[in-house]
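Readers should treat all values here as calculations from the given coordinates under stated rules, not as data from a laboratory. Keep in mind the model is a prediction, meaning the values are calculated, not measured. Cβ placement follows ideal geometry from the backbone for every residue including glycine, while neighbour counts extend to all protein chains displayed.
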Amino acid sequence: MFRINRNKLKLAMLNAGIPHSKDLAAKAGVSVNTVSRIINGGGTKISTFGKLATALGVDPAEIIQEEGA
């Protein structure tokens, strides 16, 4: 499982002009519950991680949670 850094995700959403988690979910083709779980610190599969990064127009390394952070 991968973890996405909440603050980096929100910044990427802002930069991409995606105001709400439901908008990100729709653009990425994942459920709103999945995005909510990730925002609340849950892990995600690599495929979902990739979909979110693509929807945001970022390199996955820009939003991943670093070890020990």
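Worth pointing out:
Table: residues versus (1) among the charged types (D, E, K, R); (2) more than 9 Å from the chain's Cα centre (by Cα).
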position	(1), (2)
Asn5	no, no
Leu14	no, yes
Lys27	yes, yes
Val30	no, yes
Ser36	no, yes
Gln65	no, yes
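- The residue list Ile38, Ile46 contains one member that is within 12 Å of Lys8 (Cβ to Cβ) and not aromatic (Phe, Trp, Tyr), which is Ile38.
- Within this structure, Ala53 fails the test of being surrounded by 13 or more Cβ atoms within 10 Å (Cβ to Cβ) and more than 16 Å from Gln65 (Cβ to Cβ).
- Count - residues of region 1-21 that are farther than 15 Å from Thr44 by Cβ and out of contact with any Ser or Thr (no Cβ under 9 Å at 6 or more places or on another chain): 10
- Here Asn40 meets the list (1) at negative phi; (2) out of contact with any Lys or Arg (no Cβ under 9 Å at 6 or more places or on another chain) almost entirely, failing just condition (2).
- Members of region 43-57 found to be out of contact with any Lys or Arg (no Cβ under 8 Å at 6 or more places or on another chain) and under 21 Å from Gly17 (Cα atoms), listed by number: Thr48, Phe49, Gly50, Lys51, Leu52, Ala53, Thr54, Leu56, Gly57
- Pick from region 16-52, criterion in contact (Cβ under 8 Å) with a residue 40 or more places away in the chain and among the aliphatic types (A, V, I, L, M), ranking: farthest from Asn5 (Cα to Cα): Ala16
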